[in-house]
1. Could you pull out the pairs from Lys141/Lys175; Lys132/Lys170; Lys91/Lys141 whose alpha carbons sit more than 23 Å apart here?
2. Can you tell me the length gained on complete extension of the stretch Thr38 to Glu73, counting 0.36 nm per residue apart and subtracting the Cα distance?
3. Using 0.36 nm per residue of separation minus the Cα-Cα distance, give me the extension gain between Asp30 and Ser177 in nm, one decimal.
4. Would you please put 134-142, 35-43 in order of how densely packed they are, using the mean number of other Cβ atoms within 10 angstrom per residue and starting with the highest?
5. Could you give each residue of segment 107-113 its phi-based ³J(HN,Hα) in whole Hz, using Karplus coefficients 6.51, -1.76, 1.60 with θ = phi - 60°, and x for Gly or Pro?
6. Beyond a 31 Å Cα-Cα separation, which of these cross-linked pairs lie in this structure: Lys48/Lys116; Lys48/Lys165; Lys44/Lys144?
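No value in this document is a laboratory result; all are computed from the given coordinates. Everything quoted here is computed from the prediction, not taken from an experiment. All Cβ positions, glycine included, derive from the backbone under ideal geometry; neighbour counts span all protein chains shown.
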Amino acid sequence: MKVRWVILGGFFLGLLFPLSEGKAETLTLDSLASQLQTPEAIQKFMGKHFVYVEDQTLFGQDEYWQSPEEMLERKQGDCEDYALFAEAILKKNGYRTFIFSVYWEDDAHTVAVFEKEGKWGIFDLDDLRYLKGDSIEDLGKAIKHDWSYLGIMRKDGNTGIINRKFQGQKAIASKISLALPSTI
Ligand SMILES: [Ca+2]
């Protein structure tokens, strides 16, 4: 009988204090990842909830790499913030993925890359597309045709640093598959 009263009590409390919108903001990456199990679901979530805002506007500095948790809470960011969020959710769902930056002249762009069914998926902000190429150069061209150099990245504090840099022949010869982390 006690159990029933607890359940009933919980039911009536729920009526008195319905879950507010604020509840969604406390959503963890783990619980979100269990809801967003495909790249398409991740894309839909980012498209619906995230807004592109430059780092200078948000943080008063040129570069600020937010953690996926910060991005989920703030729901505003630029290219690397979208990419780091997508990468985190993909990893939690077992995908092999990495952060990739393309540099040209005085600018750069960052995306998340993952492997799916023999193709390479690219999360470019909340755009998702697939590529059949197999070299790092193919990947670079898919983002920016006249790139200067390419980097497999990692977040270091609130900035991004290049783990592996590719230029010229090195980019042409390097297989995307080798850039993927061997362990998830
Ligand atoms: Ca940022």
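1. Details: Lys141/Lys175 14 Å; Lys132/Lys170 19 Å; Lys91/Lys141 25 Å.
Those over the limit are Lys91/Lys141.
2. Details: separation 35, 0.36 × 35 = 12.60 nm, distance 2.11 nm.
10.5 nm is the gain from fully extending Thr38 to Glu73.
3. 50.3 nm
4. Working: 134-142: 20.1, 35-43: 17.2.
For the peptides 134-142, 35-43, the packing ranking is 134-142, 35-43.
5. 9, 8, 9, 10, 9, 9, 10
6. Numbers: Lys48/Lys116 23 Å; Lys48/Lys165 34 Å; Lys44/Lys144 24 Å.
Lys48/Lys165, as the Cα separations exceed 31 Å there.
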